[in-house]
Amino acid sequence: MEKIIIYTEYIELDSLLKWANIAMTGGEAKEMIRKGLVLINGVVETRRKKKIYPGDRVEIAGGPALVVVAEER
């Protein structure tokens, strides 16, 4: 499982997919989410602006599992 470090309180799902290099464009991220290919903490998520917080687990169908962590201070 890959750790994705964020430097803010949360990150929106579509932005996370781009930040983690899962999607190359916003359109690609939107399409993955629309098709139900993204799970947040084991539940399919279809809202592209869903807020993802440190500790959330993001899984991509047929792809990697990510866990979001906050920047260590």
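Looking only at the range 8-27, count every residue that is exposed (fewer than 12 other Cβ atoms within 10 Å of the Cβ), touching a helix residue (DSSP H, G or I) at 6+ places or on another chain (Cβ under 8 Å) and either among the hydroxyl-bearing types (S, T, Y) or in contact (Cβ under 8 Å) with a residue 40 or more places away in the chain (or both) and tell me the total.
We begin by selecting, within the range 8-27, every residue exposed (fewer than 12 other Cβ atoms within 10 Å of the Cβ); these are 8-9, 21, 24-25, 27.
Next, only the ones that are touching a helix residue (DSSP H, G or I) at 6+ places or on another chain (Cβ under 8 Å) stay: 24-25.
Filter again for either among the hydroxyl-bearing types (S, T, Y) or in contact (Cβ under 8 Å) with a residue 40 or more places away in the chain (or both), leaving 25.
Total satisfying the criteria: 1.
Sort out which residues of the range 38-55 are polar (S, T, N, Q) and within 16 Å of L66 (Cβ to Cβ), and write them in order of number. So that I can check it myself, show each step before the final result.
Of all residues in the range 38-55, those polar (S, T, N, Q) come to 41, 46.
Listed by number, the list holds a single entry, N41.
For the range 1-37: of the residues being touching a strand residue (DSSP E or B) at 6+ places or on another chain (Cβ under 7 Å) and among the acidic types (D, E), which is nearest to P64 (Cα to Cα)? Break it down into steps so the answer makes sense when it comes.
Initially, the range 1-37 is screened for residues touching a strand residue (DSSP E or B) at 6+ places or on another chain (Cβ under 7 Å), giving 1-6, 10-13, 16, 19-20, 22, 32, 36-37.
Applying the additional criterion that residues be among the acidic types (D, E) yields 2, 12.
On the way: E2: 8, E12: 18 Å.
Per the stated criteria, the residue is E2.
List pairs: first in the range 28-42 and closer than 8 Å to E59 by Cα and open to solvent by less than 70 Å² (accessible area, probe 1.4 Å), second outside any loop (DSSP other than H, G, I, E, B) and charged (D, E, K, R), Cβ under 6 Å, 6+ apart or cross-chain?
Qualifying pairs under 6 Å: L39/E59.
The values are calculated or read from the model by the stated rules, or taken from the named source; none is laboratory data. Owing to the predicted nature of the structure, the values given are computational and were not obtained by experimental measurement. No Cβ is skipped: glycine too gets one built from the backbone with ideal geometry, and neighbour counts run over all protein chains shown. In case anyone asks, the SASA skips ligands and DNA or RNA and just uses the protein heavy atoms, side chains included. Shrake-Rupley method; radii C 1.70, N 1.55, O 1.52, S 1.80 Å.
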